[in-house]
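Below is one structure; the comments refer to it alone.
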Amino acid sequence: MQTPVTFNYNSFIAAFPAFSDPIAFPEATLQGYFNLATAFMNPGQNPFLSLAQLTQCLNLYTAHFAQLSVISADGDTPAVTLNATIDKVQVGNQEVPLENQFQYWLQSTSYGQMLLALLQVLSVGGWLVGGWPERAAIRQAFGVFPGPFLGLNPM
């Protein structure tokens, strides 16, 4: 059984030095963001992620929330930049055609973008739920191919 991930302030600051100012980002505030991150990902048992991967995901969520707080404190609205022009300095923020609003929300900070990329990489291939494990492979158990010629039901 995997032990639950807990917030480690020192390792978080080492990984994300942008939040190392104890005045702007007290440990209690970052702990609160980490607690919020656990609402999105269970810090306990996770059969699909290693302890290191789960810790990295939760820390990226925490950094994402902290960066969103900086953006909000500046009076800005998180937006994803779609187009920019260098010659006449034109920058445009438009709604991004992503699959869902969750992806759009994650795209609003660089930490959210890293989290989205990490989650997509970790979920490649999908998972076999139910059924025989051999059905995920080309051959069945003991190396036999499925088919009526062996008296087996075809896939």
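With the requirement that a residue be among the aliphatic types (A, V, I, L, M) and closer than 20 Å to Q53 by Cα, what does the stretch 2-27 give you? So that I can check it myself, show each step before the final result.
If we filter the stretch 2-27 for residues that are among the aliphatic types (A, V, I, L, M), which is where we start, we get 5, 13-15, 18, 23-24.
Scanning the stretch 2-27 gives V5, I13, A14, A15.
Would it be correct to say that A24 is surrounded by fewer than 17 Cβ atoms within 10 Å (Cβ to Cβ), at pLDDT below 95 and in a helix (DSSP H, G or I)? Break it down into steps so the answer makes sense when it comes.
Working: surrounded by fewer than 17 Cβ atoms within 10 Å (Cβ to Cβ): yes; at pLDDT below 95: yes; in a helix (DSSP H, G or I): no.
No, not satisfied.
Of all residues in the stretch 45-74, exactly one satisfies the criterion of being over 24 Å from F25 (Cα atoms) and more than 16 Å from the chain's Cα centre (by Cα), namely Q45.
The values are calculated or read from the model by the stated rules, or taken from the named source; none is laboratory data. Keep in mind that what you see is a predicted model, and the values were worked out from it rather than measured. All Cβ positions, even for glycine, are placed from backbone atoms using ideal geometry, and neighbour counts span all protein chains on display.
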